[in-house]
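First comes the structure, then the notes that go with it.
The numbers here are math on the coordinates, done by the rules we state, and not lab data. None of these values were measured; they are calculated from a predicted model. Cβ placement follows ideal geometry from the backbone for every residue including glycine, while neighbour counts extend to all protein chains displayed.
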Amino acid sequence: GVAGGDNLLKLAGADYDLKVVGTTKLAGQEMDVLEGALLKEKPAKNSNEGAIAGWNLPVPARIKYLIGVKDGFIYQTKGFDKEGKLMLEISYKNLKFNTGVSDKVFIFKLPKGVPVVEATEVLPGVVK
């Protein structure tokens, strides 16, 4: 069932040895459980040493995700320090997906006077 949730998985990405360790229920919904230990802490690039996605937070030694089996959404992320103490939790509750947004909302209308440029002209070799 694990799919989607790209933004938060990029938080951990290759920095953790993520594995599906089982399933559980959260608010009555079946969840895949992913857990992983930090493989190697990245060296600091600037003054935000150990920063995660622009937040000045320490990097968790272990991470755990609860991901919806049916929708692939990451409902919960928990980070733990080296001693196993919870240090970070991000949870989403009472979400409603695909509640009937009209297709008209997604129709792009080119503003007057804006030229149309083929991507192959702007990025030759990248877009074919």
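As a rough guide to protection, the peptides 106-116, 68-78, 83-93 ranked by mean Cβ packing within 10 Å, highest first, stand as 68-78, 83-93, 106-116. Remark: the E121-K40 segment gains 25.1 nm on full extension, using 0.36 nm per residue and subtracting the alpha carbon distance. In terms of distances greater than 31 angstrom between alpha carbons, the cross-link table entries K25/K85; K64/K96; K70/K112 yield K70/K112.
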